[in-house]
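Novice: Before we start, here is the structure in question, set down as structure tokens.
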Amino acid sequence: MSWYQLPATVPWLTIAVLLPLAGALLVLLAPSAARSAIKQLGVLTTVFTLVLVGLLLGGFQQGTAGLQFDEHHSWITNLGISYHLGVDGLSLFLLGLNALLFLLALAVTDPKMPRFKEFVLLMLVLEAATTGVLVALDLILFYVFWEATLVPLYLLIGAWGEGRRIYAAFKFLIYTVLASFFMLVAILALAALNANQTGTLTFDWSTLVQHPVTGSVDVLGIRVGIQVLLFLGFAVAFAVKMPLFPVHTWLPAAYTASPVPTLLIFAGLISKLGAYGFLRFNLSLFPDGTRSAGPYLAGLAVTGILYGALMALVQSDLKRLVAYASMSHLGFIGLGIFTQNLLGVEGALIQMINHGVIIAALFLTVAMIERRAGTRDRTQLRGLEQRAPLFAALFLVVSLAALGLPGLNGFVGEFLIMLGAWSRFLPLAVGAGLGVILAAWYVLRMYQGAFQEAPSQPTAFAEARWTEAGVLAPLLALMVVLGVSPAFFPAAVQATVQAVVSR
Amino acid sequence: MSTSQLALLILIFPAAGALLLAGRGWRLPRIVTKLVGPGVVWASFVVTLTLFFNNASGDFTYWTWIQSGSFNVPFNILIDNLSIFMCLVITGVGGLIVTYAVGYMDKEDGPSYARFFTYMDVFVFSMLLLVLAGNFVFLIVGWALVGLSSYFLIGFWYHRRSAVLAARKAFVMNVIGDVGMILGTFVVFVSYHATTYRAVFKALPANDTSSLELAAFLLLVGAIAKSAQIPLHTWLPDAMEGPTPVSALIHAATMVTAGVYLVGRMHPIYDIAVYAHGAVAIVGAVTALFAATIAIVQTDIKRVLAYSTMSQIGYMFLAVGIGAYSAGFFHLLSHAFFKALLFMAAGNVIHAMNDEQDMRKYGGLLKQLPRTSWSFLIGSLSLVGVIPFVGFFSKEQILGAAFSKPDASLALAVWAFGFITALVTGFYTGRMWWMSFAGKPSPERPVEHPHEAPSVMLVPVFILAALATIGGFIQTRALGFGPHMVDDFLKSAVGAQSWEGGASEVIASLVTMALAAVLFLAAYRIYIQHAWKPWSAVVPWAQRLLERKYYFDELYDAIIVRPMDGLARGGLRYVEDPIIGGIVTGTGDLAEAESHNLSLTETGYFRNYVLVFVAGAVVVAILILARAGS
């Protein structure tokens, strides 16, 4: 079932990857001084990409598990590497989130910033890379896109960031590059093992998924399933990217240092790529490995929920507070993934979108506060509601979504994840419930600290402007729609998720 | 219109009112707020009355909220006599209270005024959703939205730090309850594969099982949090920071009775899960006495009423806990009348006293505020349980049911608690009324010549006073004869009480009433005539214990709040900060010192890392390939 049929001959996904690159090329050709032209170019490019992705969302066939908008061309035949792009329930809505967040990020980019042209250029390159990560179905191709996201991110944080930006960017880079090598090793090993079993060397996901590797090896005298080893190789890369506790330590520095537009992508999307990787590769390729190692990662995820929540409780810097809140929420996604059942994984998928929407909105509003008040220290802000009630209302809705209020989107994902966890890891579900309570605590402390009580000194604090409300509007709309009527989401992804969890 | 459309309309009116006031309220003329705010609640009341007179019932599904595998949650509304009963209370008493607020909140400026009625309408909407929801998930949605609106209203005067803190406390405690409900719903779903009441109740086992007990206990956590029962009660007294109409609407008449509704709605579960059911009765009995004793020493008139509310809800828990469901709901109705009356009359006093809430600074108001004083007396006598006021019939029906339940030592034990509570209630109510209205004006009184409230605040009070006076005659079962309209009406939804009382029950009731009345009068001797030594002079340690509310706040601070805070701070200082700084800081700092330009390749350390790891990766890959190939 779909709303309409898109012509199959058009390479839709290739276009989706190339569109931002084309925009980047135009930006490159533009003179640096033409700031408003560059801005329009950047925004238009992301609008076109969003429209294209919207077309794909509507043309997606619901109720089938297989890949859609498939593009398969041989590339390096000798090595079994191919150019394979496709979309299924795992990546569908993330593509939409990706396109939406890039549009918002470019919309809030200030054309007066130094080296604006290069900034827009890198953002568009980043969009091409993240889109590629989401649609690539050849493991080598995926790896290339995966690593390709790093360079623009590193430069964006290092050159346009704030505070200890170089330190933060470098730390992030070290972490992720190191972690990615484990994945590379695992990819190579997987292909080799598969070649042994089947006689053909291939890095194609859809082939590998049909021939799960078996067997076990001795590691330091202990017999370990090969699936477990390969699982761990991929898991390191994805756990760092998400990040899962305890490999999250690059996060506070990197989030705090990021310039706002980059931060929207970084927190809203890049973290989801890690979660997506778990679903696409770990759960799909190594179902047995997941069954053995998953419970430990689920435990780490819940630890992360509680740890992030506790850290959020004691932060006074709003940006850092949201960074830890983000980590806590990512724990829910991790928990959902490793339940390895329908409800948990669907909940994780919904929560991935929710998290992107909520965290982006939180960071946006924090940035708006900082721009007005000159500080984002919770203890120095007070009573802003009196000066800017509309702004306060916007921030409140975002906060409520963040603490998982039923009726808004955060609840849907958390509910499904906890329900999925309840039947597999009961104590972990209870731990997650504790995380929900802590979230109410730190989120309200954040909202009340900044907006309520009597203002400390007569500072000017401007009311929300239409442009700001306009940027937040799509995010707020998603919070309400996904909260009130989320049925369309599982309807679209269920077939794929069912196939993943029943492997 | 069909019943399903009418049912939806009950929800739509307050939602639309809230949206209108939230969106445009501060720009529209004040009169619009005055009309829309209470108007939408009355509109819902009229619709509910229509359903009531049509004997409507049914289970209506509007859309699928989510469906995934066997997990199917529709948005459905359940119309039966219980939900209609609750809607009547919410919109009827609620309508009176919101109307009263038109006058009470008149001091607020335009935006604040509109904001207040937005919150009130949001609350009414949420509460109606809670009682109309036909499945566990939307019950939770209503449940949480009610907690949210309570948060809004408690923190309405957000420039006051105490209000902000009270609001947060209420919200977090309510979230504890929400999580209990969510987990309870999980147990229900995992055991019975359904989320709608109808399907779940049909699938219940005939005999008690451990999972059913677990579900019932987890749901009870939600009920306890929302209804401010021990041990999740500490938010309610603090919630008196909200404006007085809020206290009347949320913290007396409707929201805090949600726990009673929950147990009643889930009665098929509690009828089987006997341990959880017993726990309901015990929690109620203990809270009833516990809260009543604290009320003795309160000096803030609203806090006396707050503790009295906890205590009276304890009675309702007690009733539904022993299976006397309709008695519990009769008391819910009766309490909504007289407690809303007491709060609003107290509001009139506070209004006249320039927002002073300390009863010690009142005195002698009877002559100056006669209408409010006499109304307050009607509410007080109803609270004490004096014939013929409504409180007598409802409370004594509960006590009678507990007294006469055959072969139930638990029922007799909770009766004893209820009996003592009734006496304590007589005393603290007497103290409150005499101190405020009798005797001579206090020298510290802020207003020498107070004025009665405007009629928009007096008329709702009079209506409730009338209801508190004659309302009891719809059900006089406590006397052993006469009509029992509430029981009859609710029979189809919560079943009939399975046992009948006898003459001894009626005698016990009359004795209880007589003793409570005596204590009501004794308060006059102590606090006005000073004829007897106050009890606090005799047992000062008890006075201290009660003034500190049995040290619950201190206890929670010591065992939860501070350890949690310490854990978080310790974690930050000894774990997070060192790790963040530690492991890669060395390299990071060097990198920072070395490279201030942004070329990747010039970052020497980075290149080294890459080299080392490429080499490592290749070695590992070769090893694995070799082994796999062998």
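Novice: From the list A:Leu269, A:Leu318, A:Leu273, which one is modelled with pLDDT of 90 or more, in contact with a Lys or Arg (Cβ under 8 Å, 6 or more places away or on another chain) and among the aliphatic types (A, V, I, L, M)?
Specialist: A:Leu273
Novice: List the helices (runs of 4 or more DSSP H) that sit entirely inside segment B:466-556 and contain at least 1 residues that are within 30 Å of B:Leu88 (Cβ to Cβ) and in contact (Cβ under 8 Å) with a residue 40 or more places away in the chain.
Specialist: Per the criteria, B:485-494, B:503-527.
Novice: Within the group B:Thr234, B:Thr244, B:Thr254, which residue is surrounded by fewer than 24 Cβ atoms within 10 Å (Cβ to Cβ), at pLDDT below 90 and more than 25 Å from B:Pro74 (Cα to Cα)?
Specialist: When all the criteria are applied, what remains is B:Thr234.
Novice: Another one. Looking at B:Ile79, B:Ile97, can you tell me which residue is under 30 Å from B:Leu183 (Cα atoms) and open to solvent by less than 10 Å² (accessible area, probe 1.4 Å)?
Specialist: B:Ile79
Novice: Follow-up. Here is a check on your reading of the model: is A:Ala487 touching a strand residue (DSSP E or B) at 6+ places or on another chain (Cβ under 6 Å), closer than 22 Å to B:Thr195 by Cβ and either of a type in the set (Lys, Arg) or surrounded by fewer than 22 Cβ atoms within 10 Å (Cβ to Cβ) (or both)?
Specialist: Considered against the rule, which asks whether it is touching a strand residue (DSSP E or B) at 6+ places or on another chain (Cβ under 6 Å), closer than 22 Å to B:Thr195 by Cβ and either of a type in the set (Lys, Arg) or surrounded by fewer than 22 Cβ atoms within 10 Å (Cβ to Cβ) (or both), A:Ala487 comes out as yes.
Novice: So which residues in segment A:191-208 are within 14 Å of another protein chain (Cβ to nearest Cβ), out of contact with any Phe, Trp or Tyr (no Cβ under 8 Å at 6 or more places or on another chain) and either part of a helix (DSSP H, G or I) or open to solvent by 30 Å² or more (accessible area, probe 1.4 Å) (or both), if there are any at all?
Specialist: A:Ala192, A:Leu193, A:Asn194, A:Ala195, A:Asn196, A:Gln197, A:Thr198, A:Gly199, A:Leu201 - these are the residues of segment A:191-208 that are within 14 Å of another protein chain (Cβ to nearest Cβ), out of contact with any Phe, Trp or Tyr (no Cβ under 8 Å at 6 or more places or on another chain) and either part of a helix (DSSP H, G or I) or open to solvent by 30 Å² or more (accessible area, probe 1.4 Å) (or both).
Novice: Consider A:Leu230 against the criteria (1) over 30 Å from A:Val471 (Cα atoms); (2) assigned to a helix (DSSP H, G or I); (3) within 14 Å of another protein chain (Cβ to nearest Cβ); (4) under 17 Å from the mean Cα position of the chain (by Cα): it satisfies all of them except one. Which criterion is unmet?
Specialist: Going through the list (1) over 30 Å from A:Val471 (Cα atoms); (2) assigned to a helix (DSSP H, G or I); (3) within 14 Å of another protein chain (Cβ to nearest Cβ); (4) under 17 Å from the mean Cα position of the chain (by Cα), A:Leu230 breaks only (4).
Novice: Moving on. Quick one: which residue in A:Arg372, A:Arg378, A:Arg465, A:Arg382 is open to solvent by 50 Å² or more (accessible area, probe 1.4 Å), modelled with pLDDT under 90 and within 19 Å of A:Leu318 (Cα to Cα)?
Specialist: Just a single option satisfies the conditions, and that option is A:Arg382.
Novice: Since B:Gly391 meets every condition but one in (1) part of a helix (DSSP H, G or I); (2) among the small types (Gly, Ala, Ser); (3) over 30 Å from B:Met359 (Cβ atoms), which condition does it not meet?
Specialist: (3) is the only condition that B:Gly391 fails.
Novice: While we're looking at this one, here's another question. What helices (runs of 4 or more DSSP H) lie completely within segment A:1-110 and have 1 or more residues being among the polar types (S, T, N, Q) and open to solvent by 60 Å² or more (accessible area, probe 1.4 Å)?
Specialist: In segment A:1-110, the matching helices (runs of 4 or more DSSP H) lie at A:35-59.
Novice: A:His329 - would you say it is away from chain B (no Cβ under 11 Å), open to solvent by less than 10 Å² (accessible area, probe 1.4 Å) and in contact with a His (Cβ under 6 Å, 6 or more places away or on another chain)?
Specialist: no
Novice: Cβ-Cβ distance below 7 Å, separation of 6 or more or different chains: which pairs start in segment A:442-455 with a residue that is within 8 Å of chain B (Cβ to nearest Cβ) and end on one that is among the β-branched types (Val, Ile, Thr) and part of a helix (DSSP H, G or I)?
Specialist: Filtered contacts from segment A:442-455: A:Gln448/B:Val164; A:Gln452/B:Val164; A:Glu453/B:Val164.
Novice: A further question follows. Restricting attention to segment B:22-52, and to residues there that are open to solvent by 40 Å² or more (accessible area, probe 1.4 Å) and in contact with a helix residue (DSSP H, G or I) (Cβ under 7 Å, 6 or more places away or on another chain), which single residue is nearest to B:Asp80 (Cα to Cα)?
Specialist: Ranking the qualifying residues of segment B:22-52, first place goes to B:Phe52.
Novice: Restricting attention to segment B:354-381, which residues are within 20 Å of B:Pro237 (Cβ to Cβ) and of a type in the set (A, V, I, L, M)?
Specialist: Correct list: B:Met359 only.
Novice: For segment A:250-357, give me every one of the helices (runs of 4 or more DSSP H) that falls completely inside it and has 1 or more residues that are of a type in the set (D, E, K, R) and over 30 Å from A:Leu208 (Cα atoms).
Specialist: A:318-339
Novice: I've got another one for you. Which of (1) farther than 23 Å from B:Gly321 by Cβ; (2) open to solvent by less than 50 Å² (accessible area, probe 1.4 Å); (3) over 32 Å from the mean Cα position of the chain (by Cα) does B:Gly502 not meet, given it meets every other one?
Specialist: Failed condition: (1).
Novice: Looking at B:Val131, B:Val179, B:Val200 in this structure, which one is among the hydrophobic types (A, V, I, L, M, F, W, C), closer than 30 Å to B:Tyr62 by Cα, in contact with a Cys (Cβ under 9 Å, 6 or more places away or on another chain) and in a helix (DSSP H, G or I)?
Specialist: Unique residue meeting the criteria: B:Val131.
Novice: Would you confirm, using the coordinates I've provided, whether A:Gly407 is open to solvent by 10 Å² or more (accessible area, probe 1.4 Å), within 9 Å of another protein chain (Cβ to nearest Cβ) and of a type outside the set (S, T, N, Q)?
Specialist: yes
Novice: Could you say which residue among B:Phe123, B:Phe138 is within 16 Å of the chain's Cα centre (by Cα), closer than 26 Å to A:Pro486 by Cα and in contact (Cβ under 8 Å) with a residue 24 or more places away in the chain?
Specialist: B:Phe123 is the lone residue from the list that is within 16 Å of the chain's Cα centre (by Cα), closer than 26 Å to A:Pro486 by Cα and in contact (Cβ under 8 Å) with a residue 24 or more places away in the chain.
Novice: So which helices (runs of 4 or more DSSP H) are wholly in segment A:394-503 and hold at least 3 residues that are within 30 Å of B:Trp157 (Cα to Cα)?
Specialist: In segment A:394-503, A:409-424, A:426-451, A:466-484 are the helices (runs of 4 or more DSSP H) which contain 3 or more residues that are within 30 Å of B:Trp157 (Cα to Cα).
Novice: Now for a separate question. Can you name the residue in segment B:437-456 that is assigned to a helix (DSSP H, G or I) and in contact with a Ser or Thr (Cβ under 9 Å, 6 or more places away or on another chain) and, of all such residues, is surrounded by the most Cβ atoms within 10 Å (Cβ to Cβ)?
Specialist: B:Phe437
Novice: Restricting attention to segment A:118-133, does a residue exist that is assigned to a loop (DSSP other than H, G, I, E, B) and closer than 16 Å to A:Pro259 by Cβ?
Specialist: No, that holds for no residue.
Novice: Mind checking which residues of segment A:418-436 are at the interface with chain B (Cβ under 8 Å from one of its Cβ atoms) and buried (at least 19 other Cβ atoms within 10 Å of the Cβ)?
Specialist: If the condition is that a residue be at the interface with chain B (Cβ under 8 Å from one of its Cβ atoms) and buried (at least 19 other Cβ atoms within 10 Å of the Cβ), then A:Met418, A:Leu419, A:Trp422, A:Ala429, A:Gly433, A:Val436 are the ones that fit.
Novice: Could we say that B:Leu19 is surrounded by fewer than 20 Cβ atoms within 10 Å (Cβ to Cβ) and within 14 Å of another protein chain (Cβ to nearest Cβ) here?
Specialist: yes
Novice: Restricting attention to segment B:159-195, which residues are aromatic (Phe, Trp, Tyr), crowded, with 22+ Cβ neighbours inside 10 Å and either free of Cβ contacts under 8 Å to residues at least 12 places away in the same chain or more than 8 Å from every other protein chain (Cβ to nearest Cβ) (or both)?
Specialist: The one that is aromatic (Phe, Trp, Tyr), crowded, with 22+ Cβ neighbours inside 10 Å and either free of Cβ contacts under 8 Å to residues at least 12 places away in the same chain or more than 8 Å from every other protein chain (Cβ to nearest Cβ) (or both): B:Phe186.
Novice: For segment B:208-231, which positions are over 10 Å from the mean Cα position of the chain (by Cα) and either outside any helix (DSSP H, G or I) or surrounded by fewer than 24 Cβ atoms within 10 Å (Cβ to Cβ) (or both)?
Specialist: B:Asp208, B:Thr209, B:Ser210, B:Ser211, B:Leu212, B:Glu213, B:Leu214, B:Phe217, B:Leu218, B:Val221, B:Ile230, B:Pro231 - these are the residues of segment B:208-231 that are over 10 Å from the mean Cα position of the chain (by Cα) and either outside any helix (DSSP H, G or I) or surrounded by fewer than 24 Cβ atoms within 10 Å (Cβ to Cβ) (or both).
The values are calculated or read from the model by the stated rules, or taken from the named source; none is laboratory data. Everything quoted here is computed from the prediction, not taken from an experiment. Counting neighbours? That spans all protein chains shown, and the Cβs are built from the backbone with ideal geometry, glycine included. Each accessible area value is taken on the protein alone, full model and side chains, heavy atoms only, with ligands, DNA and RNA left out. Shrake-Rupley method; radii C 1.70, N 1.55, O 1.52, S 1.80 Å.
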